[in-house]
Amino acid sequence: MSSIVYRKLELHEAPLLASIDRSERIDANYRVTDGVLVLEATEENVWSWDAGEAASYVARLKSVLESAGCAFGAWDERRLVGIGSLDASGVGGDGAVMQLHMLYVDAGYRGRGIGRRLIDLSANEARERGATSLYISAIPTRGTVDAYLSMGAKLLASPDPELLAREPDDIHLVLKLVGVTEIG
């Protein structure tokens, strides 16, 4: 097996997002009740993208890339197998809080640390741009939320109103960027 290569994604490569197999079997979802994460059993299968959905996500990614954000790709030779993007515009107008815009790892490549590496690259970029934390609006699946929690993310007591309205079923988390020295 070849090694995974990580690099910034170019704008013209954004449509490759649709080639990532995002399918998974979900056995539990989180919800927030009275400020506490509650896990509920479920049985769901998520399949890969349909054409309209893929086009919508590619458009969202392009918008972030065109507005001074960035994305990192994980490549197995010429195949994109993971992507992490950073919206650097500042959550709620606060440049110290940037959003981990999207994170996807191909189903055949999960469990290899690719997602963690993409988050590390996004976090380092955010630090270099002056951020002290990453805002994460996570799909509520056990696997996704548990992965972010294992990296040190914490449940937000007061999610950003605009992001909460856009994604009310997501679990809104914050990941403090360790090693950031606040000036002032």
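Looking at Arg142, Arg127, can you tell me which residue is closer than 18 Å to Val36 by Cα and over 14 Å from the mean Cα position of the chain (by Cα)? Going through Arg142, Arg127 in turn, the sole match is Arg142.
Scanning region 61-71 turns up no residue that is β-branched (Val, Ile, Thr) and closer than 19 Å to Asp169 by Cβ.
Counted as qualifying within region 29-123 are the strands (runs of 3 or more DSSP E) with 2 or more residues that are farther than 19 Å from Ala14 by Cβ, over 16 Å from the mean Cα position of the chain (by Cα) and among the acidic types (Asp, Glu), namely 36-46. Among the residues making up region 1-35, those that are over 19 Å from Ile83 (Cβ atoms) and loosely packed, with under 10 Cβ neighbours inside 10 Å are Met1, Thr33, Asp34, Gly35.
Of the residues making up region 76-107, those that are among the β-branched types (Val, Ile, Thr) and farther than 20 Å from Val58 by Cα number 2. Residue under question is Val38, and the condition is that it be under 19 Å from Asp170 (Cβ atoms), exposed (fewer than 12 other Cβ atoms within 10 Å of the Cβ), in contact with a Lys or Arg (Cβ under 9 Å, 6 or more places away or on another chain) and aliphatic (A, V, I, L, M); does it hold? In short, yes. Within region 114-159, being of a type in the set (D, E, K, R), over 16 Å from Asp170 (Cβ atoms) and touching a residue at least 40 places away in the same chain (Cβ under 8 Å) holds for Arg117, Glu125, Arg127, Arg129. Here Leu163 passes the criteria (1) closer than 29 Å to Glu24 by Cα; (2) crowded, with 20+ Cβ neighbours inside 10 Å; (3) touching a residue at least 40 places away in the same chain (Cβ under 8 Å) except the one numbered (2). Applying a threshold of 6 Å to beta carbon distances and a minimum spacing of six or more residues, or different chains, the list of pairs starting in region 66-90 at a residue that is free of Cβ contacts under 8 Å to residues at least 40 places away in the same chain and ending at one that is aromatic (Phe, Trp, Tyr) and assigned to a strand (DSSP E or B) reads Gly84/Phe72. Pairs are defined by a Cβ separation below 8 Å, a sequence spacing of at least 6 or placement on different chains, a first member in region 30-58 that is over 17 Å from Ser137 (Cβ atoms), and a second member that is among the aromatic types (Phe, Trp, Tyr) and part of a helix (DSSP H, G or I); the pairs so defined are Trp49/Tyr57. Here Ser150 fits the description: surrounded by fewer than 18 Cβ atoms within 10 Å (Cβ to Cβ), among the polar types (S, T, N, Q) and at negative phi. Every listed requirement among (1) surrounded by fewer than 20 Cβ atoms within 10 Å (Cβ to Cβ); (2) not in a strand (DSSP E or B) is met by Ala131 save one, (1).
Laboratory data are not the source of any read-out in this text; all were calculated from the coordinates shown. These numbers come from a predicted model, not from an experiment. Don't worry about glycine lacking a Cβ; one is built from the backbone with ideal geometry, like all the others, and counts go over all protein chains shown.
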